[in-house]
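Report on the structure given below.
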Amino acid sequence: QQIAEVGADMARQRNAEMLRTKIVYARDMRTHRLAIAAYEQAWQEKVERIGNLNFPDEARRDKLSGGLVLAVGIKPDGGVYSVQLQQSSGHAVLDDAARHIVELAAPFAPLTEEILEAVDVLVITRTWRFDSNYRLETRSR
């Protein structure tokens, strides 16, 4: 019973924290557009650089290509808050590779003071394209 009570307390604390956290999708930001755009550009360049250096071997071997949509939540310190697959490529290898690339690329630059005026967690949503030439490109939705 004590274990159940402790677990329930922890769940309540987590839920309360989530309610206090302002999670905002970059595409929905109406203020600080220049700061958001600059942050997204740097984020995209890093993800693509790391992704192209770590293109999945299995995808290369099996000549897989495809696109997927991934939403990545960034904490104030540049750490990853969340990674959510919003649309699969149809290939688990590519979906998993995108998540792995985010892990490899993290941490990202800390959110700027200007961005932090509006958000606690910034969510960047991108379409990821793994092509048959063994390249990764991302683009905004």
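The values are calculated or read from the model by the stated rules, or taken from the named source; none is laboratory data. This one's a predicted model, so the numbers in the text were calculated from it and none came from an experiment. Positions of Cβ are backbone-derived with ideal geometry, glycine not excepted, and every protein chain shown enters the neighbour counts. What goes into the accessible areas is simple: the full protein's heavy atoms, side chains included, and nothing from ligands, DNA or RNA. Shrake-Rupley method; radii C 1.70, N 1.55, O 1.52, S 1.80 Å.
Considering every residue within segment 76-84, establish whether at least one is aliphatic (A, V, I, L, M) and at pLDDT 95 or above.
There is at least one residue in segment 76-84 that is aliphatic (A, V, I, L, M) and at pLDDT 95 or above.
Using beta carbons and a limit of 6 Å, which pairs, at least six apart or on different chains, have the first residue in segment 117-141 and over 13 Å from Pro76 (Cα atoms) and part of a strand (DSSP E or B) and the second one open to solvent by 10 Å² or more (accessible area, probe 1.4 Å) and among the small types (Gly, Ala, Ser)?
Thr127/Gly67; Arg129/Gly67; Phe130/Ser65
Among the residues in segment 37-46, are any at pLDDT 95 or above, assigned to a helix (DSSP H, G or I), aliphatic (A, V, I, L, M) and over 13 Å from the mean Cα position of the chain (by Cα)?
Yes, some residue in segment 37-46 is at pLDDT 95 or above, assigned to a helix (DSSP H, G or I), aliphatic (A, V, I, L, M) and over 13 Å from the mean Cα position of the chain (by Cα).
How about segment 71-106: which of its residues are over 12 Å from Phe130 (Cβ atoms) and open to solvent by less than 40 Å² (accessible area, probe 1.4 Å)?
Matches in segment 71-106: Ala71, Val72, Gly73, Ile74, Gly78, Gly79, Val102, Ala105, Ala106.
Mind counting the residues in segment 42-68 that are closer than 16 Å to Val102 by Cα, open to solvent by less than 30 Å² (accessible area, probe 1.4 Å) and small (Gly, Ala, Ser)?
Matching residues across segment 42-68 total 2.
Could you tell me which residue of segment 20-36 is modelled with the highest pLDDT, considering only residues that are over 13 Å from the mean Cα position of the chain (by Cα) and open to solvent by 70 Å² or more (accessible area, probe 1.4 Å)?
Per the stated criteria, the residue is Leu34.
Leu111 fails exactly one of the following numbered conditions: (1) part of a strand (DSSP E or B); (2) more than 11 Å from the chain's Cα centre (by Cα); (3) surrounded by 15 or more Cβ atoms within 10 Å (Cβ to Cβ). What is the number of that condition?
For Leu111, the exception is condition (1).
Take the conditions open to solvent by less than 80 Å² (accessible area, probe 1.4 Å), part of a helix (DSSP H, G or I) and modelled with pLDDT of 95 or more and apply them to Asp9. Does it pass?
No; evaluated as a whole, the condition is false for this residue.
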